[in-house]
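Novice: Pasting a structure here, questions to come.
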Protein chains: 2
Amino acid sequence: MLYELITKNRSYRRFYQDKAISESTLKNLVNLARLSASAANKQPLKFILSSEPEKNARIFDNLAWAAYLKDWPGPEEGERPAAYIIILNDTGISSPYPQVDLGIACQSILLGAVEKGLGGCILAGLKRKKLRELLNIPEQHEIMAVIALGHPKETVVIETADKDIKYWRDTEGVHHVPKRPLEEIIFKFD
Amino acid sequence: MLYELITKNRSYRRFYQDKAISESTLKNLVNLARLSASAANKQPLKFILSSEPEKNARIFDNLAWAAYLKDWPGPEEGERPAAYIIILNDTGISSPYPQVDLGIACQSILLGAVEKGLGGCILAGLKRKKLRELLNIPEQHEIMAVIALGHPKETVVIETADKDIKYWRDTEGVHHVPKRPLEEIIFKFD
């Protein structure tokens, strides 16, 4: 059952933009992150939510998409995310591993999204200075990542990686993600 | 349902040591990590599995436990983990965010463990040099963390943090974890 959620939880980048996501749904997702593990239980992460079209549009302008798809500048109008969760690191809290916390939080949020029929993508290619101004983020908080969310409008398939791990999109618009095989990532301990 | 898994997924540090965990269970858990998101799909993480008592004992000697519990040196014989997953970063792969990948992988593995009636804890306080020798880890691989696993033999409860976020253990041996409230971690965006 978790296996199903994890295989369904692909990085989706095209959405039914007009299918809205409520703020209370976003709060439920952040609550999953809140209840997850945090290094030394420091809990340095803070969250900004956006689910209104006008706010979403302003955030969208500060995001970079899918580095391996050179000819694709990102989702076009109509296929953009219906919501965002911006994740900050409160440096005043001095966590030993904020990035590990970020990974844990993202996984909780995205698995929760998939369970609700949503999907999303973690974006780290950001115009951080502009985002900081737009969202009025105090200096003490570092912008770590943005999770884009929506009802997915694309098919993503997992494949076994030969050597190249770059994801790619075929002529039908299906997104392919090569994953290294289990034999390659497990080391023996004798 | 995911909410239930996440609330059950506490950091457990005492286990029924003689309740074994099979290597195939560990492989299933690593497979959940394998199928999870990875920054730029680089997949730099490698995994070493240990489920045999003699190997476990050698790993145990290189772990530090629960920094906030000053009077507790870690689980005593009989309550130690029944298995370990050691997670490495293959620096030859040059991921932009190996620690985020680590967080995602740990969350997938631990949620999978909880679903199977197991539990665990992410440990980063490690005697890295000794572990490297013991496990014969090539220079190119950085030891990131060890996940300790077993059938939990303790009760862990979540509380709402007032100010202090240090976890603590009461006289009954119940482990208390204060989590910051939702209002504290969500910022407004107007």
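Read-outs throughout are calculated quantities, based only on the coordinates presented, and are distinct from any laboratory measurement. Worth saying up front: this structure is predicted, and the values here are computed from it rather than measured. Neighbour counts are summed over all protein chains in view; Cβ atoms, including those assigned to glycine, are modelled from backbone coordinates with ideal geometry.
Novice: Calculate, for B:Glu133 and B:Thr91, the FRET efficiency according to 1/(1 + (r/R0)^6) with r their C-beta to C-beta distance and R0 22 Å; round to the nearest 0.05. Working shown, then result.
Specialist: Working: r = 18 Å, r/R0 = 0.83.
Working from the Cβ atoms, E equals 0.75.
Novice: Still on this structure: I want the local charge near B:Leu102. Using Cβ-Cβ distances under 15 Å, sum +1 for each Lys or Arg and -1 for each Asp or Glu among the other residues. Mind dumping the intermediate values first?
Specialist: Values: positive: B:Arg34, B:Lys42, B:Lys46, B:Arg128; negative: A:Asp101, B:Asp90, B:Asp101, B:Glu142.
Charge balance near B:Leu102 sits at 0.
Novice: Next question. How high is the relative contact order of region A:34-190, in percent, with contacts defined as C-alpha pairs under 8 Å that are six or more residues apart?
Specialist: On the way: 234 pairs, mean separation 39.8, N = 157.
Value for region A:34-190: 25 percent.
Novice: Let me ask something additional. Cut-off is 10 Å between beta-carbons; in what order do B:Ser50, A:Ser51 appear when sorted fewest neighbours first? Please report the intermediate quantities before stating the final value.
Specialist: On the way: B:Ser50 25, A:Ser51 19.
The order, fewest Cβ neighbours first, is A:Ser51, B:Ser50.
Novice: How many angstrom lie between the Cα centre of region B:1-62 and the Cα centre of region A:46-119?
Specialist: 27 Å
Novice: If you place +1 on the Cβ of every Lys and Arg, -1 on the Cβ of every Asp and Glu, and leave all else neutral, what size is the dipole of region A:2-182 about its Cα centre, to the nearest 20 Debye?
Specialist: Values: 25 positive and 22 negative charges, 67 e Å.
Roughly 320 debye for region A:2-182.
Novice: How much mean residue ellipticity at 222 nm does the protein assembly as shown get from its helices, if each DSSP H run of length 4 or more adds -39500 (n - 2.57) and you divide by all residues, to the nearest 500 deg cm²/dmol? It would help to have the intermediate numbers written out before the result.
Specialist: Details: 12 runs with 114 residues, N = 380.
The helix-only estimate for the protein assembly as shown comes to -8500 deg cm²/dmol at 222 nm.
Novice: Taking a ≥ b ≥ c as the square roots of the eigenvalues of the Cα gyration tensor of chain A, is the shape rounded (a/c under 1.5), prolate (a/b larger than b/c) or oblate? If you can, show how the numbers build up before the last one.
Specialist: On the way: a/c = 1.57, a/b = 1.11, b/c = 1.41.
Oblate, since a/c reaches 1.5 and b/c is not below a/b.
Novice: Considering the options B:Asn136, B:Gly103, B:Ile165, tell which one lies farthest towards the positive end of the dipole of region B:89-183, charges being +1 on Lys and Arg and -1 on Asp and Glu at the Cβ, about the Cα centre.
Specialist: The listed residue farthest towards the positive side: B:Asn136.
Novice: Something else: Where in chain B lies the longest segment free of GluC sites (Glu not before Pro) that are both loop residues by DSSP (not H, G, I, E, B) and have at most 13 other Cβ atoms within 10 Å?
Specialist: Numbers: sites that count: B:Glu76, B:Glu77, B:Glu139, B:Glu172.
Longest gap between qualifying sites, sites excluded: B:1-75.
Novice: While we're on this one: Is the shape of region A:116-165 best called rounded, prolate or oblate, per the rule: a/c under 1.5 gives rounded, else a/b larger than b/c gives prolate, else oblate, with a ≥ b ≥ c the square roots of the Cα gyration tensor eigenvalues? Don't skip to the answer; put the middle values down first.
Specialist: On the way: a/c = 3.64, a/b = 1.84, b/c = 1.98.
Verdict is oblate for region A:116-165.
Novice: Along Cα→Cβ, 7 Å out, is where each label goes; now give me the distance between the ones at A:Ala161 and B:Ser22 in nm to one decimal.
Specialist: For A:Ala161 paired with B:Ser22, the spin-label model returns 2.9 nm.
Novice: Set Lys and Arg Cβ to +1 and Asp and Glu Cβ to -1, take the dipole of region B:2-182 about its Cα centre, and tell me which of B:Ser36, B:Gly78, B:Ser24 lies farthest positive.
Specialist: With unit charges placed on the Cβ atoms, the residue in question is B:Ser36.
Novice: Another question about this same structure. Would you tally the net charge around B:Thr7, using a Cβ to Cβ cut-off of less than 12 Å, leaving B:Thr7 out, and scoring K and R as +1, D and E as -1? Don't skip to the answer; put the middle values down first.
Specialist: On the way: positive: A:Arg34, B:Lys8, B:Arg10, B:Lys179; negative: B:Glu4.
Here the charged neighbours net out to +3.
Novice: Another question about this same structure. Taking amide H atoms as placed 1.01 Å from N in the peptide plane, list the residues 5 or more away in sequence, or in a different chain, whose amide H sits under 5 Å from that of B:Trp72.
Specialist: Those lying under 5 Å, H to H, from B:Trp72: there are none.
Novice: What ranking do B:Val157, B:Val100 get, fewest neighbouring Cβ atoms within 10 angstrom at the top? Walk me through the intermediate numbers first.
Specialist: On the way: B:Val157 10, B:Val100 27.
Ranking B:Val157, B:Val100 by Cβ neighbours within 10 Å, fewest first, gives B:Val157, B:Val100.
Novice: Looking at chain B, do any whole DSSP H helices span at least 20 angstrom along their long axis by alpha carbon and average -0.5 or above on Kyte-Doolittle, and which?
Specialist: Values: long enough: B:98-115 (25 Å, 0.98).
Counting only whole DSSP H runs, the qualifying helices are B:98-115.
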